[in-house]
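Accompanying notes for the structure given below.
The values are calculated or read from the model by the stated rules, or taken from the named source; none is laboratory data. Keep in mind that this is a model prediction, so the values were computed, not measured. All Cβ positions, glycine included, derive from the backbone under ideal geometry; neighbour counts span all protein chains shown.
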Amino acid sequence: MLRPLLCAPVPCWPVCRALCLAGALLLAGCAGSAPPAPWPGRLLGLLPADALLLGEQHDAAEHQRLQRQAVQWLAARGQLAAVVIEMAEHGHGTRGLPRQASQAQARAALQWNDAAWPWSSHGPVVMAAVAAGVPVLGGNLPRSRLRAAMDDAAWDRHLPAPALQRQYDALRQGHCGLLPEAQLVPMARMQIARDASLARTVQQALHPGQSVLLLAGNGHVLRRLGVPTHWPASLVSKVVMMQTLQTQSARTEIDDEADMVITTPALPPRDACAVLRRSRSGMAAPPALSSASPAATIALRP
């Protein structure tokens, strides 16, 4: 590829028309190096895929807007089999609702927990799928099964040792160093069990010739740490991570974990750890924090 300097315009004097013609061809080549297609058309380069994993930072409204556009674009092309979301529990979904269903009907079908996941943020994404006739399926591990997951030592053996250590480190950082060490292993088990639940829900929704779209925090979509580790090698999946400028990861780590990275503008400054410290007074159990708080997911690349 030519360096940008070679694409700078040059004056054409009468004595060097041939050279100018060559320069024009060079410029045409430079002009042909167009920037990436606008979102969501960039997804075309990832298709076909059995599953598209679209990670978000939960407190970034721009990410939910881009998710809604992705749902509409894929549905309009007839390529969207279902939308699986972290924001609702496995076993609940909008399948069977008419396209003109109300927001109240969709929320009831998904048993939406507004305290954990504000409907004002994620509701428009859900309703875009409902209006397109695409089922939205809850994929998160039901709260009734969280305790059993935390006590299940089998999850300790799912990830290779280095990846499991990354989970531990992410949990420490995501909880701002406030998580007691005794809770570290149970919390990692719960995170892995949630990934397994999301993976299972996606597999149940697969349809030939279409893609299932998974919407979850970036910590869940990481290729070597999250949902993809629970799939057979035959399942073709693509990972897209959306990050704000504050949370950009090192390039080498991103290349290892995702097929595409979308960077959005920085959010207003906010000390998430200060908020977390204040919220710990009177907080009964950290698991709820892990599922709802941006502070608890930042280290998992939300």
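Quick check: anything in the range 92-104 in a helix (DSSP H, G or I), at pLDDT 95 or above and at negative phi?
yes
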Consider Arg224 against the criteria (1) touching an Asp or Glu at 6+ places or on another chain (Cβ under 7 Å); (2) at pLDDT 95 or above: it satisfies all of them except one. Which criterion is unmet? (2)
Looking at the structure I just gave you, is Ala88 among the hydrophobic types (A, V, I, L, M, F, W, C), surrounded by 14 or more Cβ atoms within 10 Å (Cβ to Cβ), modelled with pLDDT of 95 or more and in contact with a helix residue (DSSP H, G or I) (Cβ under 7 Å, 6 or more places away or on another chain)? yes
Read through the list (1) touching a Ser or Thr at 6+ places or on another chain (Cβ under 7 Å); (2) at pLDDT below 95, then give the number of the only condition that Arg166 fails. (1)
Taking the options Ala161, Ala196, Ala205, name whichever one is aliphatic (A, V, I, L, M), under 16 Å from the mean Cα position of the chain (by Cα), more than 15 Å from Gly55 (Cα to Cα) and modelled with pLDDT of 95 or more. Ala196
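Just one of Val130, Val125 is surrounded by 19 or more Cβ atoms within 10 Å (Cβ to Cβ), of a type outside the set (S, T, N, Q) and touching a residue at least 40 places away in the same chain (Cβ under 8 Å); which is it? Give the steps one after another, and end with the answer.
Numbers: Val130 fails: touching a residue at least 40 places away in the same chain (Cβ under 8 Å).
After applying the criteria, what remains is Val125.
Just to check your reading of the model, which residue among Trp112, Trp117 is surrounded by 16 or more Cβ atoms within 10 Å (Cβ to Cβ), among the aromatic types (Phe, Trp, Tyr) and in contact with a strand residue (DSSP E or B) (Cβ under 6 Å, 6 or more places away or on another chain)? Outline the logic, then answer.
Details: Trp112 fails: in contact with a strand residue (DSSP E or B) (Cβ under 6 Å, 6 or more places away or on another chain).
Exactly one of Trp112, Trp117 is surrounded by 16 or more Cβ atoms within 10 Å (Cβ to Cβ), among the aromatic types (Phe, Trp, Tyr) and in contact with a strand residue (DSSP E or B) (Cβ under 6 Å, 6 or more places away or on another chain), namely Trp117.
Tell me whether the range 244-253 contains one or more residues that are surrounded by fewer than 24 Cβ atoms within 10 Å (Cβ to Cβ), aliphatic (A, V, I, L, M) and modelled with pLDDT of 95 or more. Walk me through how you get there before you give the answer.
So the first thing to find is which residues in the range 244-253 are surrounded by fewer than 24 Cβ atoms within 10 Å (Cβ to Cβ), and the list is 244-253.
Narrowing the set further to residues that are aliphatic (A, V, I, L, M) leaves 245, 250.
In the following step, the residues that additionally are modelled with pLDDT of 95 or more were identified as none.
Looking for residues that are surrounded by fewer than 24 Cβ atoms within 10 Å (Cβ to Cβ), aliphatic (A, V, I, L, M) and modelled with pLDDT of 95 or more, one finds none in the range 244-253, hence no.
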